[in-house]
Amino acid sequence: MTTKSQNPKNSTFTKFDTDGNIRHDYYSLADSISTLPVLSSSVIELVSFVEHTYDGDIDNILNIIKEDQSLASHVLRVANASKYAKMVKSETLTDAIQLLGFEKVRDVALASSFIGNLLDPYSKGFDWQAFWKHSISVGIISSLIAKFLGREDFEKFYTAGLLHDMGKVGAFCLDEKNMLLVAKKAREHKISMLQAELITGAPRHDLLGHAICERWNLPEYIGQVCRNHHTHSRSQRNLSPTDLINDFVDIVILANHLVRKIGLGYSGHNSTENGIEEILECLGLDNQDFKKMEELAKNEIKQSGGMMELLG
């Protein structure tokens, strides 16, 4: 256990209890992040509608988007940059929604909410454009893997992959200077950001991300992916080994591994974690499947449906 005498610097990252041990109240930390953008009411309504409505009503989606000018422009932009744009031009929001589908529109809403607010504020010392390229790539490949496995809800995996590192964003908002030191240690020692956080006594981005998701009332599978995307063994997660949410965690871990292997973007470190064989086994995959998915992933990123345009 790290003590105050071992790490005397007191900051947002190092809070001590009466015995001198580092303790983090992640819900209080999540509540104190004043610079983290609050999801607009239109985005929250859109996410809830898509998650819980199965018959779908384009008029409801259209009415939600029309209330948010920024969201409307992003949806049109992505639709006209998508791989289908050469065949069908989206001149109206109705065209764009029909082209992209409800789930992709939801993903655009979530991605634009974060990227639009957080691409520039921390431009010194950390490459946020590369970070979002990494996050979007994990989302795209998570959805690809889910489809490879025959999941009908494969679009949900995009959302989980996109937001898996939300805790890092929150940590930068809490204490940018110290988070840059964490990232530097991860690079220098060729370890993960989580390992660097444990060494320095920083809040763990996996637990902070989970707390943020709960505060925002995001679907449970997103919060559990944030919390467990570094925990390869199902027996070590805060979930029953038979909980279906484990599939979301496993697929995002595998997608994260593929993104690093292919070299897409940057999330604060370049290390790859061991244990991918256990993930493959849990998903009923083998090394040949992994090689197939790697090739599919490279091709999917080239035809990313316009999502990378949000970084432009």
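The values are calculated or read from the model by the stated rules, or taken from the named source; none is laboratory data. What you see is a predicted model; the values in this text were computed from it and never measured. No Cβ is skipped: glycine too gets one built from the backbone with ideal geometry, and neighbour counts run over all protein chains shown. Side chains are part of the model used for accessible areas, which takes the heavy atoms of the whole protein and leaves out ligands, DNA and RNA. Shrake-Rupley method; radii C 1.70, N 1.55, O 1.52, S 1.80 Å.
Let me confirm something: among Leu181, Leu194, Leu174, Leu207, which residue is touching a residue at least 24 places away in the same chain (Cβ under 8 Å) and over 16 Å from the mean Cα position of the chain (by Cα)?
Only one candidate qualifies: Leu174.
Is at least one residue of segment 268-282 surrounded by 14 or more Cβ atoms within 10 Å (Cβ to Cβ), closer than 30 Å to Lys89 by Cβ and at pLDDT below 90? No, segment 268-282 contains no residue that is surrounded by 14 or more Cβ atoms within 10 Å (Cβ to Cβ), closer than 30 Å to Lys89 by Cβ and at pLDDT below 90. One residue alone among Thr272, Thr242 is over 20 Å from the mean Cα position of the chain (by Cα) and not aliphatic (A, V, I, L, M), and that residue is Thr242.
Checking the conditions here, which among Arg260, Arg187, Arg227 is under 18 Å from Leu29 (Cβ atoms), basic (Lys, Arg) and either assigned to a helix (DSSP H, G or I) or open to solvent by less than 20 Å² (accessible area, probe 1.4 Å) (or both)? Testing whether each residue is under 18 Å from Leu29 (Cβ atoms), basic (Lys, Arg) and either assigned to a helix (DSSP H, G or I) or open to solvent by less than 20 Å² (accessible area, probe 1.4 Å) (or both) leaves just Arg227.
Assess whether Glu273 counts as being touching a residue at least 60 places away in the same chain (Cβ under 8 Å), of a type in the set (D, E, K, R) and either touching a Ser or Thr at 6+ places or on another chain (Cβ under 9 Å) or not in a helix (DSSP H, G or I) (or both). So Glu273 passes the test. Residues that are crowded, with 22+ Cβ neighbours inside 10 Å, at pLDDT 90 or above and not β-branched (Val, Ile, Thr) within segment 136-162 comprise Ser137, Gly139, Ser142, Ser143, Leu144, Ala146, Phe157, Ala160, Gly161, listed in sequence order.
The single condition among (1) farther than 24 Å from Glu294 by Cα; (2) open to solvent by less than 40 Å² (accessible area, probe 1.4 Å) that Asn217 does not satisfy is (2).
As a summary of the residue check, Ser112 satisfies the conditions (1) of a type outside the set (Asp, Glu); (2) open to solvent by 60 Å² or more (accessible area, probe 1.4 Å); (3) at pLDDT below 75 except for the one numbered (2).
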